[in-house]
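Structure first, commentary second.
Read-outs: derived from the displayed coordinates by stated rules, not from any lab. Worth saying up front: this structure is predicted, and the values here are computed from it rather than measured. For neighbour counting, all protein chains shown are included, and Cβ atoms are generated from backbone atoms with ideal geometry for every residue, glycine included.
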Amino acid sequence: MVKDTIVRIVLLCILSLLQQYAVSRFVVFGAFPDILTVFVVFVALRTGQKQGMTYGFAAGLASGVLGGDIGITTLAKTIEGFVAGYFHIPEDSHASSLQKRRMFYKGVLLASLSGRAIQAAAANVLALPLVWHVVYSVALVTFFNMVIAVLAYQLFLKKILVNN
Amino acid sequence: MTKFFKFLTNNNSYLLLVVYCGIAGLLIRFQDTLSLKSLQSRGTEFRASISGLVSDIGEYFSLKRENEKLTLQNASLLADAIAGANALRDSAKVAAIAELADRHPGEFLTARVVERRFNTTENFLLVNAGSKLGVRPDMPVLTPDGLAGRVVQVSENYAKVMPVIHSDFSVSVVSDSNMTHGLLRWDGKRERIARMDYVPLSSSIAKGEKLYTTDFSTFALRGIPVGEIIEVTPGKQFFNVAVRLAVDFSSLTHVMIAESSADPEKIELMYRPVTGEDVPQNETPE
């Protein structure tokens, strides 16, 4: 338990730095993917809503300190953790690998939509009308996050989710 | 009360959400306060230091390419500097030659040294003035410093010059103070040092005297500087006289060719064999 927590905290720090210095540079049409969202969803899926929210809150703080807008980012990531918590897969779950995969993708989709909607409403960097900006930004970032989620699932998360 | 605690226990996720959202709301509300700004500025500093580190790592891997680029630039600049220095040097020499040529219009042709070979067996210069410009064999070649050599072969556009520092070269010279005559030759040992032969022990030649060409020369005009005496030691019959040549052949780029050389009539007369008819008959006493 303690070991898992330490691993997740270290992973959170590494992913926060990676997000700030690498992923955030892949800007396409004014938006970029958010690997912290995928991480928060994964934690919420594995450990539940409260843990998901806590890691979301911590991820928001780290991201805010490094990138700015600490309040909005913290709020958005907390909401992401809360939403992803509804797709929690308990350790004694008998769900099939397909069901687990669907739960993960749904979690990423809904968490991205909700978290990005809050951030987009607060920061209109493209100077579009608010509604268009939110729709545009949410759609684009959610799409990017889904791509990252698919890649992460196929490369790393599949083994962890299916085997347990 | 029990119901309230039961509600909290059952819905502690919502409670946690409210707490976290409350904290986030406070962060939004007070994000312009000094303490939060200080925290964010530290975060920015940390981010900048990491960015610097990442940038340094990137620069390290691009050092080889940068080095190659700088080497190319350096080579280009060096080539420009050499070309500029050459142009300056040449312009100074050309100016000196042009000044001398202007003082004697119609007497000198200026030419550039296009090829040179200095070794122990055969030293020569090739200049870019030939028969088209009126250059002929046996014309003296000089610089503002003094005598450089004589033309030995001519093509249409080029002339081959035997320099003073050639083992076959010799010229009749005279010293400026004592008017001592002698024959200047180069012994092939040191580039700027020649010797003056046939200076009798009876002469009062001295170190520091300057040597000029004489009328006795078969090719050179009278009065061209040749060098300066740097050492005089007595030999068996003649003095051994060392002469420092006036011309520095190591930096020779431009020369002048004198259009007027020794009088051909004088040369012809000098080399005409003496026959019996030319010798006057001894008068016999009657």
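More than 13 angstrom separation, counting every C-alpha pair in the range B:14-61; what % is that? Beyond 13 Å sits 68 percent of the P(r) for the range B:14-61.
Just want to confirm a number: the relative contact order over chain B, from Cα pairs under 8 angstrom separated by 6+ residues, in percent.
On the way: 443 pairs, mean separation 41.6, N = 286.
Averaging sequence separation for qualifying contacts and normalising by length gives 15 percent for chain B.
Normalised by the number of residues in chain A, the mean separation of alpha-carbon contacts (under 8 Å, six or more apart) gives a relative contact order of 22 percent.
Is it possible to state the helix-based mean residue ellipticity at 222 nm for the protein assembly as shown, with each DSSP H run of 4+ residues giving -39500 (n - 2.57), the sum divided by total residues, to the nearest 500 deg cm²/dmol? What is it? Spell out each step's value before the answer.
Values: 12 runs with 227 residues, N = 450.
The helix-only estimate for the protein assembly as shown comes to -17000 deg cm²/dmol at 222 nm.
Give the lysines whose C-alpha is closer than 30 Å to that of residue A:100, dropping any in the same chain fewer than 8 places away, or say none. Cross-link targets: A:3, A:50, A:77, A:158, A:159.
Counts of other chain beta carbons within 10 angstrom of each beta carbon in peptide B:21-34 average 4. Counting Cβ atoms of other protein chains within 10 Å of each residue's Cβ and taking the mean over peptide A:62-73 gives 5.
Count the net charge of all other residues whose Cβ sits under 10 Å from the Cβ of residue A:58, scoring Lys and Arg as +1 and Asp and Glu as -1. Spell out each step's value before the answer.
Working: positive: A:8, A:77; negative: none.
Neighbourhood net charge equals +2.
What the Cα atoms of the protein assembly as shown give is an Rg and a Dmax of 49.6, 180 Å.
Provide the FRET efficiency to the nearest 0.05 for the residue A:98-residue A:24 pair, computing r from the beta carbons and using R0 = 30 Å.
Values: r = 33 Å, r/R0 = 1.09.
Calculated transfer efficiency: 0.35.
Sorting B:143, A:73 from the fewest to the most surrounding beta carbons within 10 angstrom yields B:143, A:73. Counting neighbouring Cβ atoms within 10 Å and putting the fewest first, the residues A:15, B:201 line up as B:201, A:15. Between residue B:53 and residue B:78, the distance separating the two model label sites (each 7 Å from Cα on the Cα→Cβ line) works out to 3.9 nm. FRET efficiency for the pair residue B:236 and residue B:204, taken as 1/(1 + (r/R0)^6) with r the Cβ-Cβ distance and R0 = 22 Å, rounds to 0.75.
Could you compute the net charge surrounding residue B:136? Neighbours are other residues with a C-beta less than 12 Å from the C-beta of residue B:136; K and R count +1, D and E count -1.
Numbers: positive: B:132, B:150; negative: B:138, B:259.
Net charge around residue B:136: 0.
Each part reduced to its alpha carbon centroid, the range A:1-26 and the range B:51-103 end up 50 Å apart. The smallest convex shape that holds all Cα atoms of the range A:31-157, its convex hull, gives 89 Å³ per residue.
Relative contact order, percent, of the range B:15-172 when contacts are C-alpha pairs under 8 Å separated by at least 6 residues?
12
For residue B:160, a cut-off of 16 angstrom between C-alpha atoms picks up these lysines, skipping any fewer than 8 places away in its own chain: B:132.
If the chain linking residue B:272 and residue B:46 were pulled fully straight, counting 0.36 nm for each residue of separation and taking away their Cα-Cα distance, it would gain 71.2 nm.
Counting only residues at least eight positions apart within a chain, or on another chain, there are no lysines with an alpha carbon under 17 Å from that of residue B:6.
Most tightly packed first, judged by the mean number of other beta-carbon atoms within 10 Å of their residues, the peptides A:140-150, B:232-242 read A:140-150, B:232-242.
Describe numerically, in nm with one decimal, the distance between label points set 7 Å from Cα along Cα→Cβ at residue B:92 and at residue B:116. That separation, rounded to one decimal, is 1.5 nm.
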